[in-house]
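Here's the structure, in C-alpha cells; my notes come after.
The values are calculated or read from the model by the stated rules, or taken from the named source; none is laboratory data. Treat the numbers as computed from the prediction; the structure is a model and nothing was measured. Cβ placement follows ideal geometry from the backbone for every residue including glycine, while neighbour counts extend to all protein chains displayed.
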Amino acid sequence: MNQTTAPAPQENLTKQPLKPFNFKVIFPLILIVAVLSSLITYLFLQSKYAPQTITSTIPPTHYESSQPYPKDDNTDETANWKTYENIENGYSIKYPSSQLARLICPDEELILQKRVPGNEQIDEKPLPTCGRDARFDIEVQTYSILPEELSTNKDYIISKEAVTIANKTADKYIVVPSSTCYGMCSPEWREEIRLVANGKTYTFHLWNKDLSGTFDQILSTFKFLE
C-alpha cells in the first residue's frame, strides 16, 4: 500500500531587514587601533634610527711623547751648584760652576767670570791680583763700614729700590752713564745690591746684564752661617 509522504514544511525565506550601523560603538575601537598603530610605528622608528653605543674591546693605545715632562715647580735648580763659604764674614752662597768660573785673588772674596772659549775646563783660576771696572761678571764683597751712598751725579744716573736677601731688606742700585758723561764712563750698565746685617755691609755686583737671571738665582742662595 502506497503511503504518501507529506512535504516538509518550508522555512520562511523572507529576508529580515538589517539593523542600522551603530557608529557610537565602532568609533572608540577605531580610535584605539589608530593610537596603538601610531605608538608601534614610533617605537619601531626609534629602535631603528636611534644612535647605538658601541663597546670597544680594543685595548687603549699608549703614545710616547717626545716632549719632556714639565719640571716640578719645587725643583731646586741650585741643588747641584758649587757652594762658596766665607767663615770670616759669616755667609755662604752658591754659583753654577758649569757656567761661571771662579777667579781667586788675594784678599778678595767671590769673583766670577762667565766661561768663554779657552776656560771651559777651568773651575777656579788663581790670579796674582784682581782689577775692577767691569773686568768681572759677578762679585761679592763685604765691608766692615757702610760704603758711601750711591746717588745720581753728572756722570751716572742711579736708580734705587728695595729687595729682599736672606729674609732681610737690601738696597738695589742700577747704574748707567748719563748723556753728559764723557771719557771713561764704564761700564754702560751695572747692578749693585747692598745688604746691611750683623754689623757688616754685604755687596753683590753684576757687571754683565746678560746674566741677570743667573744673578738673581745666586742671590737666592745667600745664607748667613750659624
Looking at this structure, is Glu188 charged (D, E, K, R) and loosely packed, with under 14 Cβ neighbours inside 10 Å? yes
At pLDDT 90 or above, surrounded by 12 or more Cβ atoms within 10 Å (Cβ to Cβ) and closer than 22 Å to Thr221 by Cα: which single residue out of Ile138, Ile157 fits that description? Ile138
In the range 194-213, residues that are of a type outside the set (Gly, Ala, Ser) and farther than 26 Å from Glu88 by Cβ total 4
All but one of (1) more than 22 Å from Asp137 (Cβ to Cβ); (2) over 34 Å from the mean Cα position of the chain (by Cα); (3) not basic (Lys, Arg) hold for Glu188; which doesn't? (1)
Among what's in the range 136-156 and is farther than 16 Å from Trp207 by Cα and in contact (Cβ under 8 Å) with a residue 60 or more places away in the chain, pick the residue that is nearest to the chain's Cα centre (by Cα). Thr142
